[in-house]
Amino acid sequence: MLLYIHVPFCRRKCRYCAFASGPYSRKGMQTYVDLLLQELCFWSERLEHPTIETIYFGGGTPSLLWAQDIERILTTIFMRFQVLPGAEITLEANPESANDTTYLQSLHDLGVNRLNVGVQSLDSHLLAILGRLHTPDQAIQTLDKARTAGFTNIGLDFIWGIPGQSLNQWLDQLETIARLKPDHLSCYGLTIEPGTPLERDIQAEKIMLPAEDTQSAMFLEGSALLGAHGYDHYEISNFCLPDRHSHHNTGYWQGMDYLGVGPAAVSTISHNRWTHPHDLESYALSLQNRQLGANREVLAGSTLTNEQIMLSLRTSKGLGLDLLRAHRSEQEAQQLDCLIESLCQHGLATIKDAFLGLTPEGMLVSNTIISEFLIQEAN
Ligand code: SF4
């Protein structure tokens, strides 16, 4: 099972963000850590001390946790769950709060063995458009300090398609980063979330998104550039050096069970899915009343298969042809074979070891391709 710990606080809301996070205070964080420990104890009992393969601190801004908070959380997890030896333990960090060798050294000593840094851009103007708090220098310093602190598995997150961003800026930045050889890179196309300040600025035509063909070139040329530097484009938004893929996220894409703790966290265990209340107060109340996980959705039949199709086709490894053909009539299976042949002929997909995987060109139009493979509910 994968374990996700949500940390729902940030120093300031970024201008594009629709994640579940609120303003940070030290007092609020301390109270929250107490709730997290209670929830961890609740699930260890309820699930009878399950085996944990990966632990992921996500947010929000988990690097606002003090080392002593992380120690309390990890101690509880190791006492109450069966954590596999060598389990991947990732913490998402923002440069403005993690740019400190002593802090990073403490995390490393506590057993955090993978750091994922939210860099987003190395251009101060673009960082300002996104409403990020850090500077490009702080981002690079965080990478250096993490290495000094002993981290040997470091991922950096970037965003492409930012208003005002050019193709050259994106590729030059990737070139700079690739030369620094972080173990992992996540490159997300900017999503304009409804109701965010960024959306309002775009609607008011104060700023403009790059043209669609520029965005396509950012994705495809970025993928080729990173490939030339030895990075495997192993998922639509993710690249890694050999053997440095995220075990936690790969587990999600492979359909492993996962337990999420904290407000807005989602869990899926034995095909049962539930989501915690989004606001902290309702979450705390549900925890107190032992109602967390009470409202479950059971995933079955075509819903389950479709989810597996959607998740697997995000990865370059892709989806087993046997699963793709499952639950289809003979006629549908024939249509499917025609579709697969056409995708391969057009360079949008390849078949390797009986798995269908999308090429970068296919990933660019993955939503359209995936929708062609989904089983219609009426079936
Ligand atoms: S740091 Fe991340 S979670 Fe926090 S406001 Fe910015 S984008 Fe949202």
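The values are calculated or read from the model by the stated rules, or taken from the named source; none is laboratory data. On a predicted model such as this, the values are computed, not experimentally measured, just so you know. A quick note on method: Cβ atoms are made from the backbone with ideal geometry, for glycine too, and the neighbour counts reach across all protein chains shown. In case anyone asks, the SASA skips ligands and DNA or RNA and just uses the protein heavy atoms, side chains included. Shrake-Rupley method; radii C 1.70, N 1.55, O 1.52, S 1.80 Å.
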Quiz item: Quick one: accessible area per residue over the chain, 1.4 Å probe, rounded to a whole number of Å²?
Solution: 46
Practice problem: Would you calculate a helix-derived [θ] at 222 nm for the chain, using -39,500 (n - 2.57) for each DSSP H run of n ≥ 4 and dividing by the full residue count, to the nearest 500? | Solution: -13500 deg cm²/dmol
Quiz item: In the neighborhood of V112, defined by Cβ-to-Cβ distances under 13 Å, what is the net charge if each Lys or Arg adds +1 and each Asp or Glu adds -1?
Solution: -4
Exercise. Report, in whole Å, the centroid distance computed from the Cα atoms of segment 146-192 and segment 76-142.
Key: 14
Quiz prompt | Solvent-accessible area of H229 with every protein chain in place, 1.4 Å probe, in Å² to the nearest 10 | solution = 50
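Take the alpha carbon gyration tensor of the chain, find the square roots of its eigenvalues, order them as a ≥ b ≥ c, and report rounded if a/c is under 1.5; if not, report prolate when a/b exceeds b/c, else oblate.
oblate
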Self-check item: Solvent-accessible area, 1.4 Å probe, carbon plus sulfur percent, for the chain
Solution: 51
Exercise. Within the set of other residues whose C-beta is less than 13 Å from the C-beta of S267, count the net charge using Lys and Arg as +1 and Asp and Glu as -1.
Key: 0
Practice problem: Pull up all non-local amide H partners of Y188: gap of 5 or more, or a different chain, and H-to-H distance under 5 Å with H placed in the peptide plane. | Solution: F158, I159, W160
Quiz item: With the contact rule set at Cα under 8 Å and sequence spacing of 6 or more, what percent relative contact order holds for the chain?
Solution: 15
Quiz item: What residues have an amide H closer than 5 Å to that of A93, excluding those fewer than 5 places away on the same chain, when H is modeled at 1.01 Å from N in the peptide plane?
Solution: N116, V117, G118
Quiz prompt | Across the chain: Cys residues that no other cysteine approaches within a C-beta distance under 4.7 Å | solution = C10, C41, C187, C240, C338, C344
Practice problem: Give me the lysines in straight-line cross-link reach of K181: C-alpha distance below 19 Å, same-chain residues under 8 apart excluded. | Solution: K145
